[in-house]
Amino acid sequence: MKNMTIKKLKVSKEKAEQFFHSLEVLFPETKAFLNGETHWQFLVAILLSAQMTDIGVNKATESFFKVMKTPQDAINLGADKIYEFVKTINFAPKKALYILHSAQLLVEKYDGVIPKTRKELVKLPGVGMKTAGVFLLNEGFEYAFPVDTHIRRIAQSFGFTESNNVDVIEKDLTEIFPKEQWLALHLRMISYGRKYLSARNIPETVEDAWNDLEKNVKNFIAV
């Protein structure tokens, strides 16, 4: 089978603005889905969130974060005590070790300060490109548009990309939408995917996706 060349889609500025403002109507408030008062806590929350619900993570970290605010706190606790706090999390034993080893690396190499680039962040155990991107975007350290299953599904459904590669999808989205919209749009796209465009409810065509969005906005306003 011959390799297919992915054609870059052209999305008008008007269409991009329509999409952004439609989601702004549906989700006027934007707030990070995971809790964390310090940069370290938020990074740990993201690390724990893999194959977990946000509610499950926030419930587990509620008591954990009362005693674990810095990397040094994690080192002082040790793997066993960290595990006791996060044992309700999927893959808790492995994630407890990720937290401890990341804390140790931060203290030893970075004086306990979390690096502010993806290149450095992915050196931490358990931190991949998506985790790093979510952290940097939400904490305001770097412009990024990390792609999860919701972002990918919506980007494809609305014709923002034809790719299935997360790096290409991120590039396509960042070329369509201005930087100042990325954080709010990222959170709203995830919310839209969870509420309106789930994996079981994927529109058959791009036109259907846009029609559904218009209908959802009208129904929301009518309530």
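The values are calculated or read from the model by the stated rules, or taken from the named source; none is laboratory data. Remember, it's a predicted structure, so these values are computed and weren't measured experimentally. Methodologically, a virtual Cβ is constructed for each residue, glycine included, from the backbone with ideal geometry; neighbour enumeration extends over all protein chains shown.
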- Filtering the stretch 137-180 down to residues that are among the β-branched types (Val, Ile, Thr) and farther than 22 Å from residue 211 by Cβ, which residue is surrounded by the fewest Cβ atoms within 10 Å (Cβ to Cβ)? 149
- Residues of the stretch 98-132 being more than 17 Å from residue 48 (Cβ to Cβ), in a helix (DSSP H, G or I) and of a type in the set (A, V, I, L, M), which ones? 105, 107, 129
- Message: Any residue that is under 12 Å from the mean Cα position of the chain (by Cα) and either among the β-branched types (Val, Ile, Thr) or part of a helix (DSSP H, G or I) (or both) - is there at least one of those in the stretch 200-223?
- Response: no
- Task: Mind telling me which of the residues 17, 24, 84 ends up being in a helix (DSSP H, G or I) and more than 30 Å from residue 174 (Cβ to Cβ)?
- Result: 84
- Can residue 95 be described as assigned by TED's automatic domain parsing to the domain that holds residue 47, in a helix (DSSP H, G or I) and exposed (fewer than 14 other Cβ atoms within 10 Å of the Cβ)? no
- Item | From 187, 183, 105, residue being in contact with a helix residue (DSSP H, G or I) (Cβ under 9 Å, 6 or more places away or on another chain), assigned by TED's automatic domain parsing to the domain that holds residue 74 and either closer than 24 Å to residue 72 by Cβ or among the hydrophobic types (A, V, I, L, M, F, W, C) (or both) | 105
- Query: So residue 143 clears everything in (1) modelled with pLDDT under 95; (2) among the hydroxyl-bearing types (Ser, Thr, Tyr); (3) part of a helix (DSSP H, G or I) except one condition, right? Which one?
  - Reply: (3)
- Determine which single condition residue 154 fails, assuming it passes every other condition in (1) touching an Asp or Glu at 6+ places or on another chain (Cβ under 9 Å); (2) within 30 Å of residue 98 (Cβ to Cβ). (1)
- Of the numbered conditions (1) in contact with a Gly (Cβ under 8 Å, 6 or more places away or on another chain); (2) closer than 30 Å to residue 213 by Cα, residue 70 satisfies every one except a single condition; which is it? (2)
- All positions within the stretch 163-198 that are closer than 21 Å to residue 129 by Cα and assigned to a loop (DSSP other than H, G, I, E, B): 163, 164, 165, 177
- Message: Could you check the stretch 51-71 and list, in sequence order, the residues that are farther than 12 Å from residue 40 by Cα, surrounded by 14 or more Cβ atoms within 10 Å (Cβ to Cβ) and of a type in the set (S, T, N, Q)?
- Response: 58, 61
- Run residue 215 past the list (1) surrounded by fewer than 16 Cβ atoms within 10 Å (Cβ to Cβ); (2) over 13 Å from residue 22 (Cα atoms) and report the number of the one that doesn't hold. (2)
- Item | Among (1) modelled with pLDDT under 95; (2) within 23 Å of residue 32 (Cα to Cα); (3) not small (Gly, Ala, Ser) - the single one residue 162 does not satisfy | (2)
- Query: With respect to the numbered conditions (1) at pLDDT below 95; (2) in contact with an Asp or Glu (Cβ under 7 Å, 6 or more places away or on another chain), which one is the sole condition not fulfilled by residue 67?
  - Reply: (1)
